[in-house]
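These notes are about the structure you will find just below.
A short reminder: the numbers here are calculations on the coordinates, not readings from a lab. All values reported here derive from a predicted model rather than from experimental measurement. Cβ placement follows ideal geometry from the backbone for every residue including glycine, while neighbour counts extend to all protein chains displayed.
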Amino acid sequence: MELFDRQKDAVGQGERTLLVYVELSSNRHVYNGMDELEELANSSALNVIKNLKVARNYASAKYFIGSGKVAELAELVKEFELDLVIFSAELSPSQERNLEKTLECQVMDRTGLILDIFSLRARSFEGKLQVELAQLKHLSTRLVRGWTHLERQKGGIGLRGPGETQLETDKRLIAVRIKNISKRLEKVHKQRDLGRKSRVKSDTPMIALAGYTNAGKSTLFNYITKAEVFAHNQLFATLDATIRRVILPASGEAVIADTVGFIQDLPHDLVDAFKSTLEETRQANVLLHIVDAADEYKVEKIEQVHDIVHEIDADKVPSILVMNKIDCLDNFEPRIDRDENGRIFRVWVSAQTGAGIDLLYQALAEQLSGTMTRARIQLDVTSAYIRSEIHNIGYIHNEKVDDFGQWILEINVTHHYLSKLLSLKGVTLLWEQKSQQK
Ligand SMILES: Nc1nc2c(ncn2[C@@H]2O[C@H](COP(=O)(O)OP(=O)(O)OP(=O)(O)O)[C@@H](O)[C@H]2O)c(=O)[nH]1
Ligand SMILES: [Mg+2]
């Protein structure tokens, strides 16, 4: 939690910031752009003093925006003693440099800001490596084009992470580090692959939570696993997939993965760098697509997530829409929606109050039935102790003791778990009904 503390300490003490949202004819489709930029800035613990919208028909070469506007900004910077100006648009290194010279303060674009948030939030070894890789790549394009004022060695936003260590302005050194990190990442990925293979072999179903940032994935993950995963009303609270083994009512043993949130116009470099954290999504048996049902832009966000799911090749994974935060809607009861074939495609819940989570478990059990089986087993008198384990691992529909003091249980468990049980002494299979395989 060290990163969180550092971040919390910084709230309200962050750089005095001006946000400039540039509306181009090409990005009019972007919804809620200014609000999102502001949320990003808040997530990075910046002190946003002012924000400004600028409309342009095209990007100018020197400053991106017109020089008249730049003069206006320069006055604002003086008047409000600002430290930082953030542009929603992708600035070229030379535009950034020109703006810094004229405005006499630090200038950053949205990619730089997202990278900064990533560097504050990455917790796992892999997450940190990936952020560093993305930062170094972002930096190296700037160095190639002669971005030299990194030598100022100023700490703070944009220069965290690799910026804090003796920022090797030397292109060659950066290249070496990029190579190094890539190699280490490759190793981590291989280990992950191995872990995944053993999961596939063990037949344990995998559930991946995915969705737009701030939709409530980690809150739901926490509710289900009762684990303490960082859930906070900030963008990108989760940066690396967090995986837990859980025992779900009705469907039993499963593996559940929380993932990094999606965001519109995520710089492409970053999508690449974070692909492996989304890999869980591709490997999953079920994808729970979490949506903030109270968000006025939910329709657009659902589409964005669909696009990215397609981009990472995860659209073959069966998915269920989880409409979360129904406690924020007026008089809304939890419910399940089915399509014309009777398949569950949407469940309405509140991860915060727990309303509807039982319906979600039911939906998961239905969706996972391909990996599940229903069976009747008998435990002889000496093996009755196994019963309490089954209670924890699987789902017991019925149980009774027969005339000989033996337990007869009707259970729902994974194929894998059933075969494990049957290999134990004193456990006998009386009957098994295999559900249809997917
Ligand atoms: N009212 C209400 N708030 C919720 C609910 N679920 C989550 N939240 C809040 O929404 C905010 C975001 O929740 P997170 O679980 O961190 O969201 P996330 O999808 O994991 O976000 P990222 O990790 O940034 O992608 C937090 O302030 C939660 O307390 C809910 O059912 N009802
Ligand atoms: Mg999260």
* Taking the Cβ-Cβ separation of residue 90 and residue 362 as r and a Förster radius of 45 Å, what is the calculated FRET efficiency to the nearest 0.05? -> 0.50
* FRET efficiency for residue 24 and residue 193, Cβ-Cβ distance as r, R0 = 30 Å, nearest 0.05? -> 0.10
* Quick one: what does P(r) look like for region 372-434 with 5 Å bins over all Cα pairs, in whole %? -> 4, 20, 36, 28, 11, 2
* **Inter-label distance, nm, simple model (7 Å from Cα along the C-beta direction), residue 343/residue 313** => 2.2
* Does region 48-108 come out rounded, prolate or oblate by the C-alpha gyration tensor, with a ≥ b ≥ c the root eigenvalues, rounded set by a/c under 1.5 and, if not, prolate when a/b is larger than b/c and oblate if not? -> prolate
* Asked: Under a Cβ-Cβ cut-off of 10 Å, what is the net charge of the residues other than residue 396 that fall near it, where Lys and Arg count +1 and Asp and Glu count -1?
  -> -1
* For the residue pair residue 389 and residue 422, what label-to-label distance in nm results when each label sits 7 Å from Cα along the Cα-to-beta-carbon direction? -> 1.7
* Looking at region 283-331, which trypsin sites (Lys or Arg not before Pro) are in a loop (DSSP not H, G, I, E or B) and have at most 10 other Cβ atoms within 10 Å? -> 316
* Asked: Quick one: what Rg and Dmax do you get for region 316-438 from the alpha carbons, in Å?
  -> 18.2, 56
* Asked: When you take every Cα atom in region 2-121, what is the radius of gyration, and what is Dmax, the widest Cα pair distance, in Å?
  -> 14.1, 44
* region 281-367: GluC sites (Glu not before Pro) falling in loop per DSSP and having at most 11 other Cβ within 10 Å -> 296, 340
* Once you have the Cα-Cα distance between residue 396 and residue 297, take 0.36 nm times their residue separation minus that, and quote the gain in nm to one decimal. => 31.5 nm
* To do: Rank these for me by crowding, 358, 295, 258, going from fewest to most other beta carbons within 10 Å.
  => 358, 295, 258
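Of all the C-alpha pairs in region 204-369, what % are more than 25 Å from each other? Please report the intermediate quantities before stating the final value.
Working: 3132 of 13695 pairs.
Tail of the P(r) past 25 Å holds 23 percent of the pairs.
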* **Packing-based exposure ordering (other Cβ within 10 Å, fewest first) of 382, 353** => 382, 353
* Structure fact -> Note on region 290-369: alpha-carbon gyration tensor, axes a ≥ b ≥ c; rule is a/c under 1.5 for rounded, else prolate if a/b larger than b/c, else oblate; result oblate
* **Residue list for region 345-384, given a label point 7 angstrom along the Cα-to-Cβ vector of residue 432 and an amide N cut-off under 14 Å** => 371-378
* Give a quick list of chymotrypsin sites (Phe, Trp or Tyr not before Pro) in region 53-110 that DSSP marks as loop, anything other than H, G, I, E or B, with at most 16 other Cβ atoms within 10 Å. => 58, 80
